[in-house]
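Here's the structure we're looking at; comments come further down.
The values are calculated or read from the model by the stated rules, or taken from the named source; none is laboratory data. Every value quoted in this text rests on a predicted model; they were computed, and no experiment measured them. All Cβ positions, even for glycine, are placed from backbone atoms using ideal geometry, and neighbour counts span all protein chains on display.
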């Protein structure tokens, strides 16, 4: 992060200075110490983490509530990269292990929704009913059902209230696949 590229460079430097004296501090604690807003601190910390200048330690979940992430300075300076070599890409989100909070990977909710409907062939279910069975958000399930209906994996059987069922297997599809 350079002063020419970011007008927030003084705030970032104040944040790094606050972090040097407060290892394992939360974004809110660092914002107060640096004299900047919590929102600004959170955004700057995310940017600094992407640059490798700070490290995030996820907070997890306690008593059903998400706890704040903790931030530290890296123990050692990251190794310098050879200018001739290609940049090292971060790990894609899909390759990361699932979080302790139960957050699903991309596309996993759609697979769960199809599984619920496949277990109940011929039964039309609402997004709320499916969400209750999966212990997931009804809005997220509704969005997944819209995508699945567009792909032809499920069929919307009723407009109001919305109800879906698994798409029937077509005899023509099995002939084409042979």
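A few remarks follow.
- Screening residue 3 against (1) within 30 Å of residue 146 (Cα to Cα); (2) in contact with a helix residue (DSSP H, G or I) (Cβ under 9 Å, 6 or more places away or on another chain); (3) surrounded by 11 or more Cβ atoms within 10 Å (Cβ to Cβ); (4) at pLDDT below 80 leaves a single unmet condition, (1).
- The set of residues in region 135-166 being out of contact with any strand residue (DSSP E or B) (no Cβ under 9 Å at 6 or more places or on another chain), free of Cβ contacts under 8 Å to residues at least 24 places away in the same chain and at negative phi consists of 137, 138, 139, 142, 143, 150, 151, 159, 160.
- Any hit, region 143-151, residues being surrounded by fewer than 18 Cβ atoms within 10 Å (Cβ to Cβ) and not in a helix (DSSP H, G or I): no
- So residue 20, is it at pLDDT 85 or above, out of contact with any strand residue (DSSP E or B) (no Cβ under 7 Å at 6 or more places or on another chain) and assigned to a helix (DSSP H, G or I): yes
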